[in-house]
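Bear in mind that the values in this text are calculations on the coordinates, not laboratory data. Everything numeric in this text was worked out from a predicted model, so none of it was measured. Neighbour counts run over all protein chains shown; Cβ positions are idealised from the backbone, glycine included.
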Amino acid sequence: MRSLFGGMLAVAASLVAPASAHAAECRAIDVDFLPQESPNADPGTRRPLQIVAWIETPSGEFVETVFITQQVGTYGLGNRPGRFDFNSGPLWPYGRRTTVFPVWAHRHGLSFPELVFQDGQDDNLSHISGKCSTDPHYCAPLLTTEPEWDTGTCASVPFTDKGTFGTGQSLYPPREDVIRKVGNDAPSVDEYEMLNPFDAVSKASPKSGVPAAFTWTMPADFPAGDFVMWLEVSREFDQNATYSVDRYPGPQVAYGNYGVPYRGQPSVIYRVPFTVGNTETSATTLDWYGYGDPDGIDGAIRQPDGTITIDTPGSGAQRLGIVPGGNYRVRVNAGADPDFAAPAGPSELSVSLSRGNARISFIAPGDDGVTGRVTGYEVRYLVGSDVTEDNFATAIVAKPAIDIVDAGALQELELEKLLPETTYSVGIRALDNCGNAGPVSVISFTTPSRASGEVDACFIATAAYGSLMANDVEQLRRFRDLALSHSVLGQLAITTYYTFSPPVAGVVGESEVLRTTARTWLGPIVSAVRGYRF
């Protein structure tokens, strides 16, 4: 059963509701908890928690998903092409992580087409270049000896096969953040976004070590009564003596030496019975309730036992800690919220730019005008045109992690993986816990060029195609990194190219005739590279 009360549509409507100076009273459910820091010392295996929360009736009838971290809810962590047991590393692109939320996945009542690689070879991490396109979120596989392993960053612009619909079904949604590259990506990619129903409740993973909270606005027809709030919490690389690398090794397949085995202790479950009534109610839990299937095959909850770590913060049953000042790990407050004013707009916006990132700062508005604390922010952007109140709802959604501060304090958020030498217009508006939205505040900026001396792109190709991120440019660059750089003749060709191409690129970039000629010249090379297996 997808939803007992159709709450998803109501939540989506409330999150995009227009600003109102006289908003009606609403009923909201507030949930707070403390995500613990990862206990891992290796930077390449430190992971934020993946969390999903949903409501059921006491008899076990599914009501609604009310919160899900965006790795699953937006970026399709549970339904990607590739084996579920592929090794993992910083922001890897492949492998359907069906073990992340097995209890929730088997209870929500939805199913989606399972994604497979376009060539049908799900055991392989090497794919024809012409079936891959640049990836806006995930990174390429890494060896543990590469410097990016310790920084958790991408070594280069990655190419991934975004997959296509297979014959099977998945209990996880596909990613919704990609736009199909015609000729490379399968037509199925066009349908990914509309198949994903969790956009309204998909949020960035909460910051570890800091108390976190989320709010779900109850639909108008949500009845009074008793309910159960469930939280399922997962973390990669959370190994112990029972769930060890020896017991859950990575597969012996191509690229098997990249990354390390990620499977460890399974998801753990927290359960909080609560009541919705005419007055505000509060309920808590201090204990964990059980754990999910380590192989993700079923949705049964295993009872607590000695296989799960209970004495290490951030691991096993202590993935959620005791909230400071309270004797609980999860608290659920439910009741009416007499919220009659929308938030004000963010003010005094400023931006600090670094390579690929923009840190935006502003004075935080309040929940009611300029007082109180907002529940969250909606952030959207456009490239090459300005965000306005009129087009805000159709601009591209960004979901940065934000630590909410009180009204009047300095609020910061960071946008990552931005293109160089590109003009962005970013709109931000505040939301309160009734879904009332404040006015949109906008800031525009142009990202810096690449640092002098960097040979991180193909000069002539970049000039010819007009953008470093053009798919054909990155195909050439990837071929350079994976093929040419591993032979003496290839290294000589690279050296020659970078010696003579910068001044030529300057001339090409200034003439559309020369740009067209260069693209014609590069065409056969690109066609050949598209057949190379990355």
With θ set to phi - 60° and the Karplus curve 6.51 cos²θ - 1.76 cosθ + 1.60, what are the ³J(HN,Hα) couplings of region 396-405 in order, to the nearest whole Hz, using x for Gly and Pro?
-> 6, 7, 10, 10, x, 6, 10, 8, 5, 10
Karplus-derived 3J(HN,Hα) from phi for region 364-379 (6.51 cos²θ - 1.76 cosθ + 1.60, θ = phi - 60°), whole Hz, x at Gly and Pro, runs 5, x, x, 4, 10, x, 10, 10, x, 10, 5, 7, x, 10, 9, 10
C-alpha center-to-center spacing [region 398-423, region 246-270] in angstrom | 33
In nm, to one decimal, how far is the residue 347 label point from the residue 421 one, both placed 7 Å along Cα→Cβ?
-> 3.9
Summing +1 per Lys or Arg and -1 per Asp or Glu among the other residues with Cβ less than 9 Å from residue 230's Cβ gives 0
Debye intensity ratio in log₁₀ form over the Cα atoms of region 347-446, taken at each q of 0.13, 0.21, 0.25 Å⁻¹ | -0.42, -1.08, -1.45
Tell me which residues come under 5 Å, amide H to amide H, from residue 369 once H is placed; ignore anything under 5 positions away on its chain.
-> 342, 344
Could you list which residues have their amide H under 5 Å from that of residue 422, counting only those 5 or more apart in sequence or on another chain, with H placed in the peptide plane?
-> 447
Efficiency of FRET from Cβ geometry, residue 297 and residue 204, R₀ 30 Å, rounded to 0.05 = 0.55
For residue 417, the aspartates and glutamates lying under 12 Å Cα to Cα, once residues fewer than eight places off in the same chain are dropped, come out as 135
Taking the Cα centre of each part, how many Å lie between region 46-85 and region 192-209?
-> 9
Magnitude of the Cβ-charge dipole (Lys and Arg +1, Asp and Glu -1) of region 347-446 about the Cα centre, nearest 20 debye, reported as 320
Which residues qualify? For residue 67, with a placed amide H closer than 5 Å and at least 5 residues away or on another chain, they are 53
Diffing region 214-220: the Karplus 3J(HN,Hα) column from phi (6.51, -1.76, 1.60, θ = phi - 60°), in whole Hz with x for Gly and Pro, holds 9, 10, 10, 7, 5, x, 4
Would you mind checking 181/399; 131/162; 207/399 for any pair whose Cα atoms are more than 18 angstrom apart?
-> 181/399
Gap in Å between the Cα centre of region 311-346 and the Cα centre of region 214-240?
-> 12
Mind ordering 301-307, 231-237, 107-113, 81-87 by average Cβ neighbours within 10 Å, highest first?
-> 231-237, 81-87, 107-113, 301-307
